[in-house]
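What follows is a single structure, written as structure tokens, with notes after it.
The values are calculated or read from the model by the stated rules, or taken from the named source; none is laboratory data. Bear in mind the structure is a predicted one, so any value in this text is a computation, not a measurement. Cβ sites come from the backbone with ideal geometry, for glycine too, and all protein chains shown count toward neighbours. The area values use the complete protein model at the heavy-atom level, side chains included, leaving out ligands, DNA and RNA. Shrake-Rupley method; radii C 1.70, N 1.55, O 1.52, S 1.80 Å.
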Amino acid sequence: MMAVRDVLGGALRAKGFKALLRGQGGDDVPRQIPPVRPYFPEEDIEKVKGYVEQILRSGRLTLGEFTRRLEEGFRELCGVKHAVAVNSGTSALEIAYRCLGVEGGEVLVPTNTFSATAAAVIFAGGKPVLVDIDPETLCITAEEVQERITEKTRGVVAVHIGGVVCPDIRAIKEVCEDHGLFLVEDAAHAHGCTVDGQPAGSIGDVGCFSFYPTKVMTTGEGGMITTDRDDIAEKALRLRDQGKESFGSNLIVDLGYNWRMPEVCAAIGLVQLDGLERAIASRRRIARYYDAALSKVDGIRPLEVPSNIYCNYYKYVAFLDGGIDRDLFKVRLREMGVRCGGEVYWPPLHLQPLYRRLLGTREGDFPSAEEACRRMVCLPMFTGMSDEDARYVADCVAEVLGSM
């Protein structure tokens, strides 16, 4: 195992591991590094406060100016014709499925995703059919999709994991076009990400983003639908507002729901969108440091992001070598003040109690996902993370693995 001082270089040689282990106050309490942390610099807080005052004075607390401005800004970010703001990424998915017509049909969903990707299919009247992944990218492949298509298949969901746009998405799109299937991008992790320069959310029929507090940009709670299709955008606008013909109308023309984004949330999102480039740059700097440091440590291997993909590093994913006890690894890191983020995802859906019951899945059904997700760890990653914090995390990883 590479020595700690070799991993961290000159900075640690000057301070020593024990000095870095101590908190900023110089006591013996370990430095505390959370897995994630929302980023609101003082100037952004002041801007949000000003926007909230405007909203309260306007009396328009929903579907107003700030929702429109956020939609316009996000539409430009993704290079699409339409962006529709909603109250969560889950809502974005269900609305997309309803617009695309999954009722009575099946949708192919990767097994290593959050429950919302599959549950929203069920709520929209369809059935999720789980698919295995490429263990190197954690994403589905065109080959896996092709093998699972049946006469009942209506569409496919490609999930961009941790900020890595599904590397096979163009080939998957071709398969979908050949079979008359829709393609949804679950881009909950992929704000500002691209593949070959094309933005996430602009490749499939629909893109669905989340603005949950842990995401690279947040509205507190919220989501966004992106599409170039006029018909989907028009229906999504109706569905998010109880199925009304228009905001000012009393005519109900679709079976909708209250999926509106509040104006205050949109105002927060507008400020976060303005700072998105800065946020991604911060995360990419930390990722580069982790990549360099972990390349010198035995027992752990970072997920390799393909060179044609611009990743926002919503998650920093690495894989432990076989035989290393992940739970023990995380416990020991936590004892040193370093808390890992949640895996993406463990357990995969086919091992979750709900989906075992609904779909009849069992262990061994999707071996690539099981193996990759069982060895996965997500190191702390958040906008504004300091270089010293990153050094401390990498040092602790080396120290723990050196003792296992």
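Restricted to helices (runs of 4 or more DSSP H) entirely inside region 234-348, those with at least 1 residues that are open to solvent by 60 Å² or more (accessible area, probe 1.4 Å) and in contact with a Ser or Thr (Cβ under 9 Å, 6 or more places away or on another chain) are 276-294, 326-335.
For first residues located in region 365-392 and touching a residue at least 24 places away in the same chain (Cβ under 8 Å) and within 30 Å of Val129 (Cβ to Cβ), partners that are part of a strand (DSSP E or B) and open to solvent by 20 Å² or more (accessible area, probe 1.4 Å) and lie 6+ apart or on another chain with Cβ distances below 9 Å form the pairs Ser368/Asp134; Ala372/Asp134.
Restricting attention to region 217-233, the residues that are touching a residue at least 60 places away in the same chain (Cβ under 8 Å) and open to solvent by 10 Å² or more (accessible area, probe 1.4 Å) total 5.
Could you tell me whether region 165-176 includes any residue that is touching a strand residue (DSSP E or B) at 6+ places or on another chain (Cβ under 6 Å) and basic (Lys, Arg)? Within region 165-176, one or more residues are touching a strand residue (DSSP E or B) at 6+ places or on another chain (Cβ under 6 Å) and basic (Lys, Arg).
So that you can scan it fast, the table gives a plain yes or no per residue for (1) in contact (Cβ under 8 Å) with a residue 40 or more places away in the chain; (2) at positive phi:
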site	(1), (2)
Gly101	yes, yes
Val107	yes, no
Phe114	yes, no
Thr117	yes, no
Asp134	yes, no
Leu138	yes, yes
Glu143	no, no
Val159	yes, no
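Mind checking which residues of region 349-365 are touching a helix residue (DSSP H, G or I) at 6+ places or on another chain (Cβ under 9 Å) and either farther than 21 Å from Val159 by Cα or open to solvent by 80 Å² or more (accessible area, probe 1.4 Å) (or both)? Once the filter is applied, which keeps residues that are touching a helix residue (DSSP H, G or I) at 6+ places or on another chain (Cβ under 9 Å) and either farther than 21 Å from Val159 by Cα or open to solvent by 80 Å² or more (accessible area, probe 1.4 Å) (or both), region 349-365 yields Arg356, Leu358, Arg362, Glu363, Gly364.
Within region 188-212, the set of residues being under 11 Å from the mean Cα position of the chain (by Cα) and either part of a helix (DSSP H, G or I) or surrounded by fewer than 22 Cβ atoms within 10 Å (Cβ to Cβ) (or both) comprises Tyr212 only.
Among the numbered conditions (1) more than 22 Å from the chain's Cα centre (by Cα); (2) farther than 26 Å from Ile133 by Cβ; (3) assigned to a helix (DSSP H, G or I), the only one that Met404 does not meet is (3). Each residue in region 65-79 was checked for being open to solvent by 10 Å² or more (accessible area, probe 1.4 Å) and on the phi < 0 side of the Ramachandran plot, and 9 of them qualify. Residues of region 80-118 that are open to solvent by 20 Å² or more (accessible area, probe 1.4 Å) and of a type in the set (A, V, I, L, M): Leu100 alone.
With the requirement that a residue be part of a helix (DSSP H, G or I) and touching a helix residue (DSSP H, G or I) at 6+ places or on another chain (Cβ under 8 Å), what does region 129-155 give you? Once the filter is applied, which keeps residues that are part of a helix (DSSP H, G or I) and touching a helix residue (DSSP H, G or I) at 6+ places or on another chain (Cβ under 8 Å), region 129-155 yields Ala142, Val145, Gln146. Against the numbered list (1) of a type in the set (Gly, Ala, Ser); (2) within 30 Å of Met217 (Cα to Cα); (3) touching a Pro at 6+ places or on another chain (Cβ under 6 Å), Gly342 comes up short only at (3).
So that you can scan it fast, the table gives a plain yes or no per residue for (1) farther than 19 Å from Ala171 by Cβ; (2) at pLDDT 95 or above; (3) open to solvent by less than 10 Å² (accessible area, probe 1.4 Å):
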position	(1), (2), (3)
Ala120	yes, yes, yes
Ile133	no, yes, yes
Ile140	no, yes, yes
Thr150	yes, yes, no
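Residues that are free of Cβ contacts under 8 Å to residues at least 24 places away in the same chain, outside any strand (DSSP E or B) and not hydrophobic (A, V, I, L, M, F, W, C): does region 178-187 have at least one? Yes: region 178-187 contains one or more residues that are free of Cβ contacts under 8 Å to residues at least 24 places away in the same chain, outside any strand (DSSP E or B) and not hydrophobic (A, V, I, L, M, F, W, C).
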